[in-house]
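Visitor: Have a look at this one before I ask anything.
Values quoted throughout were computed directly from the atomic coordinates according to the rules given, and no laboratory measurement underlies them. What you see is a predicted model, and the numbers here were worked out from it, not measured in a lab. Please note: Cβ atoms are built from the backbone with ideal geometry, for glycine as well, and neighbour counts cover all protein chains shown.
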Amino acid sequence: MDISEFAKRFPEKMKEVQDFVESDDIKDILGVEAVNHFKESFEKEGFTDKALQKWSDVKRRDPNSQWYGHSGQTGKFSEARTVAKILTGEAGELKSAITYRYAPNGVIVSDEKPYAAVHQFGLQAKVYGKKSFTMTARPFFGKSEVLINNINEKIKVVSGMSKIKF
């Protein structure tokens, strides 16, 4: 292709890119990729920025702890809780509550569970509403280089930009 052909096709290609960037399609890519990435934190038991940063283990999996096998649902020993993944609870509600919604210039990803921030930042909590303690921070949201790279790759594939030829 010579320069005159390039100059003729360039505005059309730029219009395609602009239409894609201004559509909801790109917001759905951002939201779905982010939600999936943050939900992976629960599967991997840690948060991935550049690399996986594992969470501290929980006392309910330590046979020497008084909390070994403790079930938050029943308050009793549960063999299943001795091996259950961190932050999964019996119902997996914290992970399931991660959603996204459109914003003017992108998306907002959130977890509306009232205890999400307690786990994310390591805030004060109470055992059965009584004894206060500071929860160990186990972040599952945050800026992630891996997520940004995944989004960029997905946008290239979906938009066809990875194979644009002039």
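Visitor: Select from the range 97-155 those chymotrypsin sites (Phe, Trp or Tyr not before Pro) which occupy a DSSP coil region and have at most 10 other Cβ atoms within 10 Å, ordered by residue number.
Guide: Answer by residue number: Y128.
Visitor: Further question on the same structure: Taking the number of other C-beta atoms within 10 Å as the exposure measure, put E90, E112 in order starting with the fewest.
Guide: Taking fewest neighbouring Cβ atoms as first place, the list is E112, E90.
Visitor: Please find the FRET efficiency linking K13 to E43, where r is the Cβ-Cβ separation and R0 is fixed at 41 Å, and quote it to the nearest 0.05.
Guide: According to the calculation, E is roughly 0.55.
Visitor: Which part of the range 66-100 falls in the paramagnetic zone of V127, meaning amide N under 16 Å from the point 7 Å along Cα-to-beta-carbon?
Guide: 66-78
Visitor: Considering only the other residues whose Cβ falls under 11 Å of the Cβ of V32, what net charge follows from Lys and Arg at +1 and Asp and Glu at -1?
Guide: Summing Lys/Arg as +1 and Asp/Glu as -1 gives 0.
Visitor: Can you give me the distance in nm between label points at E145 and D2, each placed 7 Å from the Cα along the Cα-to-Cβ direction?
Guide: Distance between the two pseudo-spin positions: 4.6 nm.
Visitor: How many angstrom lie between the C-alpha centres of the range 1-46 and the range 91-166?
Guide: With the range 1-46 and the range 91-166 each reduced to a Cα centre, they are spaced 20 Å.
Visitor: Taking the mean number of other Cβ atoms within 10 Å as a proxy for protection, how do you rank 57-65, 80-88 from highest to lowest?
Guide: Top of the packing list down: 80-88, 57-65.
Visitor: Using only Cα atoms, find the angle between the long axis of helix 3-22 and the longest principal axis of the chain, and express it within 0 to 90 degrees, rounded to the nearest 10.
Guide: 30 degrees
Visitor: Tell me the mean residue ellipticity at 222 nm calculated for the chain from its helices only (DSSP H runs of n ≥ 4, each -39500 (n - 2.57), averaged over every residue, nearest 500).
Guide: Counting only the DSSP helices, I get -12500 deg cm²/dmol.
Visitor: What pairs in K59/K85; K50/K143; K39/K143; K50/K95; K54/K85 have C-alpha atoms more than 19 Å from each other?
Guide: Exceeds cut-off: K50/K95.
Visitor: Just one of (i) 22, 18, 15; (ii) 46, 15, 12; (iii) 38, 26, 12 is semi-axes √(5λ) of the Cα gyration tensor in Å calculated from these coordinates, so which is it?
Guide: Among (i) 22, 18, 15; (ii) 46, 15, 12; (iii) 38, 26, 12, the one derived from this structure is (ii).
Visitor: Estimate the FRET efficiency between S96 and V21 by the formula 1/(1 + (r/R0)^6), using the beta-carbon distance for r and 25 Å for R0, to the nearest 0.05.
Guide: Here the calculated transfer efficiency is 0.25.
Visitor: A further question follows. Give the peptides 68-77, 46-55 in descending order of average Cβ contacts within 10 Å, highest first.
Guide: Top of the packing list down: 46-55, 68-77.
Visitor: Follow-up. Based on the Cβ-Cβ distance of A80 and A137, what FRET efficiency does E = 1/(1 + (r/R0)^6) give at R0 = 25 Å, to the nearest 0.05?
Guide: Efficiency at R0 = 25 Å is approximately 0.50.
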